[in-house]
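The values are calculated or read from the model by the stated rules, or taken from the named source; none is laboratory data. What you see is a predicted model; the values in this text were computed from it and never measured. With ideal geometry, Cβ positions are generated from the backbone for all residues, glycine too; neighbour counts draw on all protein chains shown. Side chains included, ligands, DNA and RNA excluded: accessible areas come from the protein's heavy atoms. Shrake-Rupley method; radii C 1.70, N 1.55, O 1.52, S 1.80 Å.
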Amino acid sequence: MKITVNDLNIEIGLKKSDTGKFEVNVKNNTYKVEVLNITQNQITLSINNKIFTFDFTLNSDSIILTNSIHSYHCKIIGKYQNLIDTYRSTLPGESKREKILKSPMPGLITKIFVKPGAKIKVGDKLLILEAMKMENEIRSDIDGTIDEV
């Protein structure tokens with residue numbers, strides 16, 4: 001499987017065991033990963049028996065993991081991209097909760113495509129965020145109504 005993490009392309013191997021744990025192979029290194037807890041905006045992982053807790057944001061095509069030290073913008077490339085939607089659908093109350101869009105990175109909003117009261121669907125273009133000389137199209141990852149811009 002290919003992923004990008006903070007614009008770095010990485011090839012990983014991923015195996016799920018019968019116990020629900022994962023074995024992740026990156027550049028000939030093997031990591032034992034277990035999801036210990038997942039809520040609407042936080043995930044706790046055991047990686048090689050060390051505990052890590054991240055706040056996370058699910059976008060239409062990526063996951064942003066943030067802790068007090070680092071921020072990781074992770075995007076699955078190719079056919080495995082639907083894994084994000086699978087995990088999103090398993091979150092308790094995901095379809096009924098209010099969603100506040102937070103910027104995945106510092107930048108300048110150069111164009112806004114929605115107004116308060118607009119009905120949106122998954123994948124609708126919301127805005128353009130310019131960061132590090134790149135224009136990033138921010139799309140909706142839920143259906144809903146825009147309350148405030």
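When residues of the stretch 110-129 are filtered for being of a type in the set (A, V, I, L, M) and either assigned to a loop (DSSP other than H, G, I, E, B) or assigned by the TED database to the domain that holds residue 64 (or both), how many remain? Before the answer, list the steps.
To start, the set of residues in the stretch 110-129 that are of a type in the set (A, V, I, L, M) comprises 112, 114, 118, 120, 122, 126-129.
If we keep only those that are either assigned to a loop (DSSP other than H, G, I, E, B) or assigned by the TED database to the domain that holds residue 64 (or both) as well, we get 114, 118, 122.
Qualifying residue count, the stretch 110-129: 3.
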Six or more apart or on different chains, Cβ atoms under 7 Å: show the pairs whose first residue is in the stretch 103-116 and over 18 Å from residue 146 (Cβ atoms) and touching a residue at least 24 places away in the same chain (Cβ under 8 Å) and whose second is assigned to a loop (DSSP other than H, G, I, E, B) and open to solvent by less than 90 Å² (accessible area, probe 1.4 Å). 104/59
Checking 58, 45 in turn, the sole residue that is touching a helix residue (DSSP H, G or I) at 6+ places or on another chain (Cβ under 6 Å) and open to solvent by less than 40 Å² (accessible area, probe 1.4 Å) turns out to be 58
Could you give every pair whose Cβ atoms fall below 8 Å, whose first residue belongs to the stretch 48-60 and is over 18 Å from residue 73 (Cβ atoms) and assigned by the TED database to the domain that holds residue 22, and whose second residue is surrounded by 13 or more Cβ atoms within 10 Å (Cβ to Cβ) and basic (Lys, Arg), counting only separations of at least 6 or pairs across chains? 48/32; 49/32
Can you tell me how many residues in the stretch 121-140 are among the aliphatic types (A, V, I, L, M) and open to solvent by 30 Å² or more (accessible area, probe 1.4 Å)? 3
Selection over the stretch 39-49 where residues are more than 13 Å from the chain's Cα centre (by Cα) and either in a strand (DSSP E or B) or under 17 Å from residue 13 (Cβ atoms) (or both) yields a count of 5
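In the stretch 1-41, what count of residues is obtained for those that are over 21 Å from residue 59 (Cβ atoms) and open to solvent by 40 Å² or more (accessible area, probe 1.4 Å)? Quick ask: steps written out before the conclusion?
Let us first name the residues in the stretch 1-41 that are over 21 Å from residue 59 (Cβ atoms), namely 11, 13, 15-34, 36-37.
Going one step further and asking which of them are open to solvent by 40 Å² or more (accessible area, probe 1.4 Å), we end up with 11, 15-19, 21, 23, 25, 27-32, 34, 36-37.
Matching residues across the stretch 1-41 total 18.
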